[in-house]
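Okay, so here's the structure we're looking at.
The values are calculated or read from the model by the stated rules, or taken from the named source; none is laboratory data. Fair warning: this is a prediction, and the values are worked out from it, not measured in the lab. Because the Cβ atoms are built from the backbone with ideal geometry, glycine has one as well, and the counts that use them run over all protein chains shown. Calculation scope for accessible area: heavy atoms of the full protein, side chains included, ligands and nucleic acids excluded. Shrake-Rupley method; radii C 1.70, N 1.55, O 1.52, S 1.80 Å.
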Amino acid sequence: MKPFDNYEIIPYRRYEAASPGGIYHHEECEPEEADMWRLNGHVYGDGPHVIGDFASREYAEEVFQRITGIPFTGSYTAKAHLRIMHAGPRLLEALQSLVEATSCYARHFHEHQVAQAVILEATGRAA
């Protein structure tokens, strides 16, 4: 499964279809006409995937922030944060290897101590 590489929040307006079952359809609209707001996650090469429909833009933004840990600033503006978020486990593993490999001669350097503190924080072992 590929992770989302970006997100978008789109305003939609609800229309009642002519079918007897009371089926509704939604169309993208201007923000001031919106009945609901759709949060999509985007997968490179696969397009958007609906995460959810919300009664207000604020609710959609709140869910985005819960997923990513950052406030929504606009469609397609979170790429740098998402790249770091997805690379985080590999970055942590590389930092741990580097600290272990250099601990015999670098443990007194400030940068080495900072790296050790970051590892403790990332692994939930910080005091």
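Taken about its Cα centre, region 78-127 carries a charge dipole of roughly 180 debye when the Cβ of each Lys and Arg holds +1 and the Cβ of each Asp and Glu holds -1.
Give, rounded to the nearest 20 debye, the magnitude of the charge dipole that the chain has about its Cα centre when Lys and Arg contribute +1 at Cβ and Asp and Glu contribute -1 at Cβ. Walk me through the numbers on the way to the answer.
On the way: 11 positive and 18 negative charges, 143 e Å.
Computed about the Cα centre, the dipole is about 680 debye.
Matching the structure-derived semi-axes √(5λ) of the Cα gyration tensor in Å against the labelled list (i) 49, 20, 11; (ii) 32, 17, 10; (iii) 45, 14, 11 gives the label (iii).
Mean residue ellipticity at 222 nm from the helices of the chain, using -39,500 (n - 2.57) per DSSP H segment of n ≥ 4 over the full residue count, to the nearest 500 deg cm²/dmol? Numbers along the way, then the final one.
Values: 3 runs with 53 residues, N = 127.
Value at 222 nm, helices only: -14000 deg cm²/dmol.
For region 28-58, backbone nitrogen atoms closer than 11 Å to the point 7 Å from residue 13 Cα along Cα-to-C-beta are found at 28-35.
Quick check: Cα centre of region 88-110 to Cα centre of region 40-81, how many Å? So the separation of the two Cα centres works out to 34 Å.
Sorted by accessible area (1.4 Å probe), largest first, how do 4, 64 line up? Spell out each step's value before the answer.
Working: 4 60, 64 5 Å².
Listed by decreasing accessible area, they come as 4, 64.
Rounded to the nearest 20 debye, the dipole magnitude of region 48-90 is 320 debye, with +1 charges on Lys and Arg beta carbons, -1 on Asp and Glu beta carbons, and the Cα centre as origin.
With an 8 Å cut-off on Cα pairs and a minimum separation of 6 or more residues, tell me the relative contact order of the chain in percent. Mind showing how you got there, number by number?
Numbers: 166 pairs, mean separation 25.5, N = 127.
The normalised contact order for the chain reaches 20 percent.
With each label modelled as a point 7 angstrom along the Cα→C-beta vector, the residue 84-residue 123 pair spans 2.2 nm.
Using a Förster distance of 41 angstrom, determine the FRET efficiency expected from the C-beta separation of residue 105 and residue 44, and round it to 0.05.
Numbers: r = 42 Å, r/R0 = 1.02.
Here the calculated transfer efficiency is 0.50.
Seen against the Cα atoms of the chain and their longest principal axis, helix 79-106 is set at about 10 degrees. Which is farthest toward the positive dipole end of region 23-127 among 40, 23, 95, measuring Cα position about the Cα centre, with Cβ charges +1 (Lys, Arg) and -1 (Asp, Glu)? Selected residue: 95.
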